[in-house]
Amino acid sequence: MRNHPRTSVLVCLFVLTLITISNTASAQQVKIVHINVGQGDATLIIGPSKTLLFDGGVTGSGTAIRNVLNSLSLTSIDYFVAGHYHADHIGAIDEVINGGIALNLASYDRGGSYSSQTYTDYLTAVGTKRSTITLNQQIDLGGGCILTCIAVNGTTNHGNVTPSDENARSIALVLRYGTFDYLIASDLSGGGSSTSDVESKIAVDAGDVDVLHVGHHGSSTATNQTLVNTIKPEQAVISCGDGNGYGHPTQTVLDRLAASTGMNTIWQ
């Protein structure tokens, strides 16, 4: 890891992946919890004063998400972000909310609409808390922990891309806390398999990051060479189901990450 005068990073792998960032100057911590939801995504970020759940797992994984929240003594979350509208990213958020986890402030998504039962269930669960996120919008989790939107609906600060599919519409957030930087972008595509290349547009805005939440479960559609070369992640986390039928993570992506100097990849 980089020589951080004020920030230290510890990565451990259990049933889930936990990243703890401590700011020694303020004695405050930020925790990033990658929850094991099988072939899906759900990432809990606990800031100094507020919490955020990015993506909501596959249908049926609500109990697993609630169990993690309960283990951390959380009965509510302040923010939810629907990275995009596929079922493996919003499928269980209704189970989480209807199961007793309150949503305090807002549920951010890309706006528009989508035709699926999981999307309908999502809308019903979040109700009036729903809000459309905008490019460069910031979500403040307190203590200097800020998440900034650097892509939504193919719109970026370095040119817009006409999305070829729902994945290309994904929301990308970069988290900055002291000298620690983390990139999470749901299933955002990078041009592989003839998808829209949005990743290359956001690489400069993401900058040099410590940890990359690998896009699209390690699919060959994402984590392109331009992104890896620009952000130079030292560690990466991939969320995918054991023995999944998609072949995730692909060897191409693993090789690309392994070639990044000093990189350590964790996948579950």
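How many percent of DSSP beta bridges within the stretch 42-103 run antiparallel, rounded to 5?
45
Would you calculate, for the chain, the mean residue ellipticity at 222 nm contributed by helices, counting each DSSP H stretch of 4 or more residues as -39,500 (n - 2.57) and dividing by all residues, to the nearest 500?
So the calculated ellipticity at 222 nm is -5000 deg cm²/dmol.
State the antiparallel share, in %, of DSSP beta bridges confined to the stretch 39-193, rounding to the nearest 5.
Just about 60 percent of them are antiparallel.
Looking at the chain, identify the longest residue range that excludes and avoids all trypsin sites (Lys or Arg not before Pro) in DSSP loops having at most 16 other Cβ atoms within 10 Å.
So the longest stretch without any such site is 7-268.
Could you please put Val58, Val209 in sequence from largest to smallest accessible area, using a 1.4 Å probe?
Accessible-area ranking of Val58, Val209, largest first: Val58, Val209.
Near Lys31, which lysines are there with a Cα under 25 Å away, not counting those fewer than 8 places off in the same chain?
Candidates past the 8-residue exclusion: Lys50, Lys129, Lys232.
Kindly provide the pair-distance distribution of the chain built from C-alpha pairs, with 10 Å bins from 0 and whole-percent values in order of increasing distance.
7, 33, 40, 18, 1
Once the stretch 131-213 is represented by equal point scatterers at the alpha-carbon sites, with solvent omitted, what log10 I(q)/I(0) does the Debye formula produce at q = 0.18, 0.23, 0.24 Å⁻¹?
Scattering profile of the stretch 131-213, log10 relative to I(0): -0.70, -1.06, -1.14.
Which of the listed residues, Val209, Asn244, Gly191, is farthest toward the dipole's positive end in the stretch 184-245, when Lys, Arg count +1 and Asp, Glu count -1 at the beta-carbon?
Most positive-ward Cα: Gly191.
Separation of the stretch 36-73 and the stretch 149-227 by C-alpha centroid, Å?
After rounding, the separation between the Cα centres reads 21 Å.
In whole angstrom, how long is each semi-axis of the equivalent ellipsoid of the stretch 174-243, when you take the square root of 5 times every eigenvalue of its Cα gyration tensor and sort them from largest down?
Taking √(5λ) for each eigenvalue gives 19, 15, 9 Å, largest first.
Among DSSP beta bridges lying fully in the chain, give the percent that are antiparallel, nearest 5.
Once the DSSP bridges in the chain are tallied, antiparallel ones form about 65 percent.
The values are calculated or read from the model by the stated rules, or taken from the named source; none is laboratory data. For clarity, every value in this text was computed on a predicted model and none was experimentally measured. Note that we place each Cβ from the backbone using ideal geometry, even for glycine, and neighbour counts take in every protein chain shown. The accessibility values were calculated without ligands, DNA or RNA, using every heavy atom of the protein model including side chains. Shrake-Rupley method; radii C 1.70, N 1.55, O 1.52, S 1.80 Å.
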